[in-house]
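J.: A single structure is presented below for examination.
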Amino acid sequence: MRGPRRDDRVRINERIRVREVRVIDEAGQQLGIMAPAQAVALAKSKGLDLVEVAATAVPPVCRITDYGKYQYNEQKKQRQARKHQKTIEVKEVKFRPKVDLHDYDFKKRNISRFLHEGDKVKAVVFFRGREIAHPEIGRRILERLIAELTEIAVAENLPRMEGNTMHTILSGRPGIKKVEKPSKPEREPRPEVEEDDTEMTAEELAAAAQAVADEDAAGTAPVVETPAERPAE
């Protein structure tokens, strides 16, 4: 029968080649400092192994134990540590300059859900053709999104252009109520929202650009806090 797989980073028995070691027995009692050969002989007399558990200590610390059980317990601790690690994903949510209210609200709810689940969100506006000449339309969409989610989200950067896209990164505010992420196999598929992906006509662009200008003139544009104005965490 094959024995437990050996971790080359852990030295046991005759592989412990130092002048002396500090020994702890299987009950956790200190046995003092002795030569490795003496400690190995003591461990084998009990049907156990001598396992180096603190290689950087002076002298190194070794424990008399069953190496197979020691490995199992260490692996179990590592699995538990990974289980409780916080994994933050960056979810991308795409908008078009001609996004309608229903689609906008649907995507805003998804962003809120992602933030409550502890993830960040990259909100992106994609421009096509002549739309690129009116970045203010995409900027206004992102500014409105930031303003409407201000109670739960902060923008890590103001909306900025990159090629034919404009984006901002949103993260949850300190103290945001977190909900547990559903496991992927249990998550039901969410209904897709049909989105008009065609380029805006010249008339649509002119109307949207004029609406942005009118908001600016009337002082009704969304107020967006800059990253420097965020409260310290």
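J.: Quickly work out the Lys91-to-Ala37 label distance, labels modelled 7 Å from Cα along the C-beta direction, and quote it in nm with one decimal.
T.: 6.5
J.: Measuring from a point 7 Å past the Cα of Gln210 along Cα-to-C-beta, which residues in the stretch 104-134 have an amide N at less than 20 Å?
T.: Residues 130-134 fall inside that zone.
J.: Give the cross-link partners of Lys178 among the lysines, using a straight C-alpha distance below 21 Å as the criterion and excluding same-chain residues fewer than 8 apart.
T.: Cα-Cα hits under 21 Å: Lys83, Lys86, Lys91, Lys107, Lys108, Lys120, Lys122.
J.: Once label points are set 7 Å from the Cα along Cα→Cβ at both Thr165 and His102, what is their separation, rounded to one decimal in nm?
T.: Inter-label distance under the simple model: 2.6 nm.
J.: Also, quick follow-up: Check which residues have an amide H placed less than 5 Å from Arg11's amide H, if you skip close sequence neighbours.
T.: Amide H to amide H, under 5 Å and 5 or more residues apart or across chains, Arg11 pairs with Glu52.
J.: Run the quick spin-label model on Ala54 and Tyr72: label points 7 Å from Cα toward the beta carbon, then report their separation in nm to one decimal.
T.: Using points 7 Å along Cα→Cβ, the separation is 2.6 nm.
FYI, it's all coordinate maths here, none of it is from the lab. Not measured: the values here are computed from a predicted model. Glycine also receives a Cβ, built like all others from the backbone with ideal geometry; neighbour counts cover every protein chain displayed.
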